[in-house]
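J.: My questions all concern the structure below.
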Amino acid sequence: MGLISDPADGAPPPRLVDPPSRCDPSEPTDTGWVTTVTLRTALPDEIPTLEALQRHSSLVWADTREQLLAHADAIAIPVEQVERGWARVALGGDGVVIGFSLIVPPAVTDGAAELDGLFVEPDHMRGGVGRVLVADAVERARARSYPRIEVMANPNARGFYERVGFTGGETVDTRFGPGLRMGLDLHRG
């Protein structure tokens, strides 16, 4: 997989590992692996695009679809998070946004950053985009000396997060049912 990272961001490009085997979470797709992903910081005027992508991606899971449709506010992305440069977009070879990540700096004493959003267009799921976005988030967090990234994962995404290095999986109640609290230690060693 090729990767182009925005050099203006100052973060080194993520290191990539061998891709996982393809296995779509809902229905098979024929899109295959994305050959080139360009990463850059999201722009505030892209928030409607990112929210639409998040909605589209989230509705893949039948077990939470009804709850998400009833609570459209859950898809809102605070403009401040994008203005502060916390959101990154993945662009496909045609320049279209196919995924994004949102990492929020630590707000508690343990210093863990929060992967507050990781969404990929369903046609590109299982094609390596999420893996590239996580690798980018890890490098950006390491560059800021955060010791750990945590995520409140949808149980349907547990396998993905485990494949990219997250551990744990303590069940936590959320407004949409049980979620999994997982973490990724960023200490090099």
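J.: Kindly list the number of the only condition in (1) under 21 Å from Glu162 (Cα atoms); (2) among the small types (Gly, Ala, Ser); (3) at pLDDT below 90 that fails for Ala137.
T.: The single condition Ala137 does not satisfy is (3).
J.: Enumerate the pairs (first residue in region 152-172 and within 18 Å of Glu139 (Cβ to Cβ); second residue anywhere and at pLDDT 90 or above and of a type outside the set (Val, Ile, Thr)) with beta-carbon separation below 6 Å, excluding pairs fewer than 6 apart on the same chain, so at least 6 apart or on different chains.
T.: Tyr161/Ala153; Tyr161/Met182; Val164/Arg131; Gly165/Leu184; Phe166/Met182; Phe166/Leu184
J.: Just the residues that are surrounded by 12 or more Cβ atoms within 10 Å (Cβ to Cβ) and among the acidic types (Asp, Glu), please, taken from region 43-76.
T.: Residues satisfying the conditions are Glu46, Glu51.
J.: Quickly run through region 115-163 and pick out the residues that are aliphatic (A, V, I, L, M), in a strand (DSSP E or B) and over 24 Å from Val96 (Cβ atoms).
T.: Hits for region 115-163 are Ile149, Val151, Met152, Ala153.
J.: If the Cβ limit is 6 Å and pairs must be 6+ apart or interchain, which residue in region 68-80 that is closer than 19 Å to Met152 by Cα pairs with which residue that is aliphatic (A, V, I, L, M)?
T.: Listed pairs, sorted by first residue: Ile77/Ile47; Ile77/Leu50.
J.: Turning to a different aspect of this structure: Just checking, does region 115-135 include any residue being farther than 27 Å from Pro178 by Cα and in contact with an Asp or Glu (Cβ under 7 Å, 6 or more places away or on another chain)?
T.: For region 115-135, residues farther than 27 Å from Pro178 by Cα and in contact with an Asp or Glu (Cβ under 7 Å, 6 or more places away or on another chain): absent.
J.: Go through region 103-118 and give me each residue that's in contact (Cβ under 8 Å) with a residue 40 or more places away in the chain and crowded, with 19+ Cβ neighbours inside 10 Å.
T.: Answer for region 103-118, where residues must be in contact (Cβ under 8 Å) with a residue 40 or more places away in the chain and crowded, with 19+ Cβ neighbours inside 10 Å: Ile103, Ala112, Gly117.
J.: Condition first: within 26 Å of Leu186 (Cα to Cα) and out of contact with any strand residue (DSSP E or B) (no Cβ under 8 Å at 6 or more places or on another chain). Now tell me which residues in region 83-114 satisfy that.
T.: Matches in region 83-114: Glu83, Arg84, Val108, Thr109.
J.: Taking Gly93 as meeting all but one of (1) part of a helix (DSSP H, G or I); (2) under 24 Å from Glu139 (Cβ atoms), write down the number of the exception.
T.: (1)
J.: Only residues that are surrounded by 12 or more Cβ atoms within 10 Å (Cβ to Cβ) and touching a residue at least 40 places away in the same chain (Cβ under 8 Å): list them for region 86-101, please.
T.: Ala87, Arg88, Val89, Ala90, Leu91, Gly92, Gly93, Val97, Ile98, Gly99, Phe100
J.: Of the residues Arg131, Arg175, which is surrounded by fewer than 17 Cβ atoms within 10 Å (Cβ to Cβ) and either in contact (Cβ under 8 Å) with a residue 60 or more places away in the chain or in contact with a His (Cβ under 7 Å, 6 or more places away or on another chain) (or both)?
T.: Numbers: Arg131 fails: surrounded by fewer than 17 Cβ atoms within 10 Å (Cβ to Cβ).
Residue meeting the stated conditions: Arg175.
J.: Considering only region 164-179, I want to know if a residue exists there that is within 16 Å of Ser101 (Cα to Cα), touching a helix residue (DSSP H, G or I) at 6+ places or on another chain (Cβ under 9 Å), modelled with pLDDT of 90 or more and not aromatic (Phe, Trp, Tyr).
T.: Step one: list which residues in region 164-179 are within 16 Å of Ser101 (Cα to Cα), which gives 164, 166.
Imposing the further condition that a residue be touching a helix residue (DSSP H, G or I) at 6+ places or on another chain (Cβ under 9 Å) reduces the set to 164, 166.
Filter again for modelled with pLDDT of 90 or more, leaving 164, 166.
Next, only the ones that are not aromatic (Phe, Trp, Tyr) stay: 164.
Taking every residue of region 164-179 in turn, at least one turns out to be within 16 Å of Ser101 (Cα to Cα), touching a helix residue (DSSP H, G or I) at 6+ places or on another chain (Cβ under 9 Å), modelled with pLDDT of 90 or more and not aromatic (Phe, Trp, Tyr).
J.: Which residue, of Ala76, Ala70, is aliphatic (A, V, I, L, M), over 16 Å from Val129 (Cβ atoms) and within 16 Å of the chain's Cα centre (by Cα)?
T.: Ala76
The values are calculated or read from the model by the stated rules, or taken from the named source; none is laboratory data. All values reported here derive from a predicted model rather than from experimental measurement. As a convention, Cβ positions derive from the backbone with ideal geometry for all residues, glycine included, and neighbour counts pool all protein chains shown.
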